[in-house]
Amino acid sequence: MRIRNVYTSLGLGLVGAGLGLTPIFYLLLRSVPLTALGISMLILGAVCFALGRACPRIPPEASALLLETGLENMAALVEELGLRSKAIYLPSVLTNGRPQALIPLHSNPSLPEINKALPQRLIVKYGPNPEDIGLLVTTPGSATLGMLEAKPGATSSELEAALTSVLAGVLDLADGVSINRSEGGVGIVVSHPRLEYKNMQLYQNLGSPLASIVASITAEALNQPLIVEREEHKQGECRIELRLV
Amino acid sequence: MPHRVKIGMKVYNRYILWLAGLFALTTVILAAYGQSQLDVYFSLYLIESLALTLLYVHLNPRARRGLNLVGYVLFAGFMGIVIMKVMEILF
């Protein structure tokens with residue numbers, strides 16, 4: 001039997017030790033506290049088995065490889081096209097599917113107003129003017145919505161719960177999330193993020209993968225397009241400012 | 001590889017450490033008070049594992065299902081203890 005991960009190995013060890021020691025403590029030593037300790041080892045072993053089965057099947061190294069490859073391809077596309085404008089994270093109602101990001105091809109001081117669903121293509125026209133063309137891309141955040149059991153609600157507490165559930169519970173990318181709503185924007189603080197921030201052009205357009213996940217879920221929860229206005233990484237926390245479009 | 005690779009998931013590690021700590025503390029306190037009934041120890045372990053699973057609301061659904069299954073088995077054990085105690089009283 002191939003042992004898949006450290007939790008399964010730990011579970012096996014604890015259950016084995018518990019099964020071996022509990023009868024010895026109870027029958028030979030006649031010690032109730034030690035017997036209870038043996039029982040607690042059995043319970044911990046069962047818990048470790050349960051958690052081992054819930055671990056991601058793809059090893060972290062493979063996941064990092066896929067993420068790196070996807071980001072490099074996207075970065076090459078963005079650099080080749082000379083895109084400088086910030087991506088607009090669109091909720092699924094505007095993309096006919098899952099949340100995606102629109103990167104306008106031309107930098108424009110005034111952000112476009114998108115009020116109808118865009119076609120499912122890479123290069124899309126999002127407005128009436130000839131220059132209203134952009135790239136509609138799937139980001140790391142696009143796929144995370146499927147990790148939630150239901151569409152996140154629009155209140156701060158529901159949004160915070162959804163982000164914490166994904167970032168801390170499912171992906172294990174951070175320890176926690178806190179939300180601060182303001183006029184026309186949302187401030188999000190991610191504590192102890194575990195994804196490194198790289199100073200590259202793609203991150204200036206789309207935001208880092210962490211900001212992308214936060215922006216996608218927030219856009220879906222608020223049902224409004226938004227952009228990653230600012231991202232600040234300090235020791236132990238990441239502050240992300242989102243602006244509603 | 002720019003992203004550090006680590007062993008296990010932090011949220012799972014924390015859960016296991018908390019549970020182990022609670023079990024150890026419970027055992028030590030009850031032993032210090034001279035508690036000699038095994039079912040008291042077991043009942044407290046059951047309460048602690050159920051409470052901790054409830055507090056960890058952000059665990060992913062698969063982990064939650066697995067932990068709930070462990071909880072059901074422990075609860076079945078608890079009900080077995082209750083039935084035995086009732087039978088002791090009645091017969």
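The values are calculated or read from the model by the stated rules, or taken from the named source; none is laboratory data. The model shown is predicted, which means the values in this text are computed figures rather than measured ones. Please note: Cβ atoms are built from the backbone with ideal geometry, for glycine as well, and neighbour counts cover all protein chains shown.
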Next item on the list: Take residue A:102 and decide whether it is touching a Phe, Trp or Tyr at 6+ places or on another chain (Cβ under 8 Å) and over 24 Å from residue B:62 (Cβ atoms).
Entry: yes
Item checked: Residues of the range A:58-75 that turn out to be more than 7 Å from every other protein chain (Cβ to nearest Cβ) and touching a Lys or Arg at 6+ places or on another chain (Cβ under 9 Å), as a count -> 1
Notebook entry, point to check: Conditions: (1) over 18 Å from residue B:14 (Cβ atoms); (2) surrounded by 18 or more Cβ atoms within 10 Å (Cβ to Cβ); (3) within 14 Å of chain B (Cβ to nearest Cβ). Residue A:166 meets all but one. Number of the miss?
Noted result: (1)
Item checked: Residue within the range A:118-130 that is surrounded by fewer than 17 Cβ atoms within 10 Å (Cβ to Cβ) and within 16 Å of residue A:219 (Cβ to Cβ) present -> no
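Quick grid of which residues meet (1) over 20 Å from residue A:228 (Cβ atoms); (2) in a loop (DSSP other than H, G, I, E, B); (3) polar (S, T, N, Q):
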| residue | (1), (2), (3) |
| --- | --- |
| A:80 | yes, no, no |
| A:85 | no, yes, yes |
| A:102 | no, no, no |
| A:146 | yes, no, no |
Margin query: Could you go through the range A:192-209 and let me know if any residue there is away from chain B (no Cβ under 12 Å), at pLDDT 90 or above and touching a strand residue (DSSP E or B) at 6+ places or on another chain (Cβ under 6 Å).
Written below: no
Notebook entry, point to check: Which one of the conditions (1) in contact (Cβ under 8 Å) with a residue 40 or more places away in the chain; (2) more than 10 Å from chain B (Cβ to nearest Cβ) does residue A:105 fail to meet, given that it meets all the rest?
Noted result: (1)
Item checked: Of all residues in the range A:131-160 being surrounded by fewer than 20 Cβ atoms within 10 Å (Cβ to Cβ) and under 15 Å from residue A:213 (Cβ atoms), the one that is farthest from the chain's Cα centre (by Cα) -> A:137
